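See structure below.
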Amino acid sequence: MEAKISEVFFSIQGEGIYRFIPQIFLRFWGCNVDCSFCDTRNLPYKVKGLEEVVKEIFSFRNFYHSISLTGGEPLIQKDFLKSLCRVLKEREQVIYLETNGILYKNLEEVLDYLDIIAMDFKLPSSTQRGPFWEEHREFLKIAKEKEVFVKAVITPSTVKEDLIRAVEIIKATASYLPFVLQPVFSYELALHSKLEEFKKIASDYIERVEIIPQVHKHLALK
């Protein structure tokens, strides 16, 4: 059992409602979406076996809250992910999955092992790809059995119509889920008015809406 792994490291979570919590990060290589704002597409990788990856994860002696399985898109390497999660749960670890919220059939196979799901909502005007409306809808139906929050990257090109389509889907599935508007890095000030407008719109559909930038980048952390 092997997987393409870009890196294993200790840091703080820089995105979403769990920002600032310490985590061990396992970054899987490869993604099924090539977003315009992607900052991990050119990372190198090594093919590693399950035992090697587990050893690396537990080599850290720092206090940590959870293990973040991130990418790329971890669910692409579903079989390895499932085997890894099984080992991590045997060791009573809290498992945090960072995902683009598209591969819902793969999610079904690993859901039992997950504790927290940080799901991206890929707005086509932001990513310049997609759309993935139905995939996101099906993903949310499955993911809501666990603790979940949803985040959407907002860029200068993001349009209101995409935001409304996203929050309508979230409302129809689970309106109680936290929804995070994440400004693309280095554009926070330029996007201030748009973010405030989008927050007001989203709050008409969803109970909890927050604007949260990528704090790890401002702190020059991974």
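Read the figures in this text as sums done on the coordinates, not as results from a lab. None of these values were measured; they are calculated from a predicted model. So basically every Cβ, Gly included, is an ideal-geometry build from the backbone, and we count neighbours across all protein chains shown.
By how many nm would the segment from residue 217 to residue 65 lengthen if fully extended, with 0.36 nm per residue of separation less the alpha-carbon distance?
Going from the current span to full extension adds 52.7 nm.
Taking a ≥ b ≥ c as the square roots of the Cα gyration tensor eigenvalues, with a/c under 1.5 meaning rounded and otherwise prolate when a/b beats b/c, else oblate, which class fits segment 38-169?
Taking the square roots of the gyration eigenvalues as a ≥ b ≥ c, segment 38-169 is prolate.
Less than 16 Å from a label point 7 Å out along the Cα-to-Cβ axis of residue 197: which backbone N atoms in segment 144-171 qualify, by residue?
Counting backbone N atoms under 16 Å from the label point, the list is 154-165.
State the extension gain, in nm to one decimal, for the chain segment bounded by residue 190 and residue 137, taking 0.36 nm per residue of separation less the distance between their alpha-carbons.
Extra length available between residue 190 and residue 137 comes to 16.0 nm.
On a 0 to 90 degree scale, rounded to 10, what angle separates helix 160-174 from the longest Cα axis of the chain?
It works out to around 60 degrees.
How do 208-221, 31-44, 71-84 rank on mean C-beta neighbours within 10 Å, highest first?
Peptide ranking by packing, descending: 71-84, 208-221, 31-44.
Please report the net charge: other residues with Cβ closer than 9 Å to the Cβ of residue 119, K and R +1, D and E -1.
-1
Which residues in segment 1-25 place their backbone N less than 19 Å from a point set 7 Å from the Cα of residue 115 along the Cα-to-Cβ direction?
9-25
What per residue convex hull volume, in Å³, comes out for the chain when only alpha-carbon positions are used?
Cα-based convex hull of the chain, divided per residue, equals 110 Å³.
Compute the distance from the alpha-carbon center of segment 172-219 to that of segment 76-128, in whole Å.
22 Å
Do any GluC sites (Glu not before Pro) in segment 41-146 lie in a loop, going by DSSP, with at most 10 other beta-carbon atoms within 10 Å of their beta carbon, and if so which? Walk me through the intermediate numbers first.
Working: sites: 51, 52, 56, 90, 92, 98, 108, 109, 134, 135, 138, 145; in loops: 92, 145.
For GluC sites (Glu not before Pro) across segment 41-146 that sit outside H, G, I, E and B with at most 10 neighbouring Cβ atoms in 10 Å, the list reads 92.
What shape does segment 1-116 take by its C-alpha gyration tensor, where a ≥ b ≥ c are the square roots of the eigenvalues and a/c under 1.5 counts as rounded, a/b above b/c as prolate, and the rest as oblate?
Numbers: a/c = 1.24, a/b = 1.13, b/c = 1.10.
Since a/c stays below 1.5, the shape of segment 1-116 is classed as rounded.
What number, in percent, do you get for the relative contact order of the chain if the mean sequence gap of Cα pairs under 8 Å and at least 6 apart is divided by its residue count?
18 percent
For segment 116-193, what does the alpha-carbon gyration tensor say about shape, rounded, prolate or oblate, given a ≥ b ≥ c as the root eigenvalues, a/c under 1.5 as rounded, and a/b over b/c as prolate?
Prolate shape, in that a/c is at least 1.5 and a/b is the bigger ratio.
Given 75, 24, 124, which one lies farthest toward the positive end of the charge dipole of the chain, if we put +1 on the Cβ of every Lys and Arg and -1 on the Cβ of every Asp and Glu?
24
Give me the one-decimal nm value for the distance between modelled label points at residue 204 and residue 144, 7 Å along each residue's Cα-to-Cβ direction.
Calculated label separation equals 2.1 nm.
Could you sort 59-67, 178-186 so that the peptide with the highest average Cβ count within 10 Å comes first and the rest follow in order? Can you show the working numbers first?
Values: 59-67: 13.8, 178-186: 20.1.
With the highest mean Cβ count within 10 Å placed first, the list reads 178-186, 59-67.
Against the longest principal axis of the chain, how steep is helix 78-90, in degrees 0 to 90 to the nearest 10, with axes from Cα atoms?
70 degrees
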